[in-house]
Amino acid sequence: MDALYEQALETFNALLEQARQSQDPEPTAMTVATVGRDGRPAARTVLLKTVDARGFVFFTNFNSRKGRQLAANPQAALLFHWKHLQEGVQVKIEGTVEPVSAEEADAYFSVRPRGSQIGAWASLQSEPLASRELFEQRVSDVESRYEGMDVPRPPHWSGFRIVPERIEFWYGARFRLHERQCYERVDGVWCLGMLYP
Ligand SMILES: Cc1cc2nc3c(=O)[nH]c(=O)nc-3n(C[C@H](O)[C@H](O)[C@H](O)COP(=O)(O)O)c2cc1C
């Protein structure tokens, strides 16, 4: 692995570990920004599930708005903001997106709580919902369908991996003299530079 990329991932993992030890109630929460065919950006929070040299993974419904946008335009930006770390730390990641393998999705789905597995079948994520009762009915239908057996992974539920092209660490500092370190892959080679705050 490229030494600078390795360094960026080590820095990310060290900060995530510090965030886990801090007061942060959701240290793995990240904003995911996507842009579909219409060119309009959309953002939402998801949970980071794994990170390694291949990239940053979250799981979702592939028929959701984000899923459809990523199918049309497999590019995303991720944003972590750890408010309780140091003077505040922000990590911005940009990259191309690919689906995880079916094996990876199955492995993670199988360890999710049963309620979440049922929800993955019952929720038509991002579709209009006429009433809360309708959703509750769908949940109970799925519960009956899989009573006494393991809940299989829905075909539309899987993970996206963001393969980073750019990773920026933003460290808060007094008087807005923030420090920004930016790792970027240019022509296949990782570079490191600073940015004005
Ligand atoms: C803390 C937090 C964690 C979340 N984690 C996930 C997640 O891992 N996967 C997911 O699909 N939605 C997650 N959501 C819900 C999303 O923010 C979003 O509402 C949903 O995925 C639909 O987004 P979309 O319509 O833009 O596709 C989370 C929300 C919050 C507030």
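Just to check your reading of the model, which residue among V97, V163, V91 is touching a Ser or Thr at 6+ places or on another chain (Cβ under 6 Å), assigned to a strand (DSSP E or B) and not aromatic (F, W, Y)?
V163
Name, by its number, the condition in (1) surrounded by fewer than 16 Cβ atoms within 10 Å (Cβ to Cβ); (2) more than 25 Å from R54 (Cβ to Cβ); (3) at pLDDT 95 or above that does not hold for W121.
(1)
Just give me the residues in the range 166-187 being part of a loop (DSSP other than H, G, I, E, B) and under 24 Å from the mean Cα position of the chain (by Cα), in sequence order.
G172 - this is the single residue of the range 166-187 that is part of a loop (DSSP other than H, G, I, E, B) and under 24 Å from the mean Cα position of the chain (by Cα).
Here is a yes/no grid of residues against (1) hydroxyl-bearing (S, T, Y); (2) within 16 Å of the ligand (Cβ to nearest atom); (3) at pLDDT 95 or above; (4) closer than 30 Å to F175 by Cβ:
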position: A14; (1), (2), (3), (4): no, no, yes, yes
position: T31; (1), (2), (3), (4): yes, yes, yes, yes
position: R40; (1), (2), (3), (4): no, yes, yes, no
position: A43; (1), (2), (3), (4): no, yes, yes, yes
position: G55; (1), (2), (3), (4): no, yes, yes, no
position: Q75; (1), (2), (3), (4): no, yes, yes, no
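Search the range 16-29 for residues being more than 8 Å from the ligand (Cβ to nearest atom) and charged (D, E, K, R), and hand back the single one that is surrounded by the most Cβ atoms within 10 Å (Cβ to Cβ).
This residue is D24.
Looking at the range 132-149 only, could you name the residues that are over 10 Å from I118 (Cα atoms) and either touching a strand residue (DSSP E or B) at 6+ places or on another chain (Cβ under 8 Å) or assigned to a loop (DSSP other than H, G, I, E, B) (or both)?
Within the range 132-149, E147, G148, M149 qualify.
In contact (Cβ under 8 Å) with a residue 60 or more places away in the chain and over 9 Å from the mean Cα position of the chain (by Cα): is that true of G36 in this structure?
no
Do we find that K83 is closer than 30 Å to G172 by Cβ, within 16 Å of the ligand (Cβ to nearest atom) and either of a type in the set (D, E, K, R) or more than 19 Å from the chain's Cα centre (by Cα) (or both) in this structure?
It is true that K83 is closer than 30 Å to G172 by Cβ, within 16 Å of the ligand (Cβ to nearest atom) and either of a type in the set (D, E, K, R) or more than 19 Å from the chain's Cα centre (by Cα) (or both).
Could we say that S126 is hydroxyl-bearing (S, T, Y) and either farther than 30 Å from D2 by Cβ or touching a Pro at 6+ places or on another chain (Cβ under 8 Å) (or both) here?
yes
Which of the following residues is under 16 Å from the mean Cα position of the chain (by Cα) and not in a helix (DSSP H, G or I): A105, A77, A71?
Every option except A77 fails the conditions.
The values are calculated or read from the model by the stated rules, or taken from the named source; none is laboratory data. A quick note: this is a predicted structure, and the numbers were derived from the prediction, not measured. Every residue, glycine among them, receives a Cβ derived from its backbone with ideal geometry; neighbour counts consider all protein chains shown.
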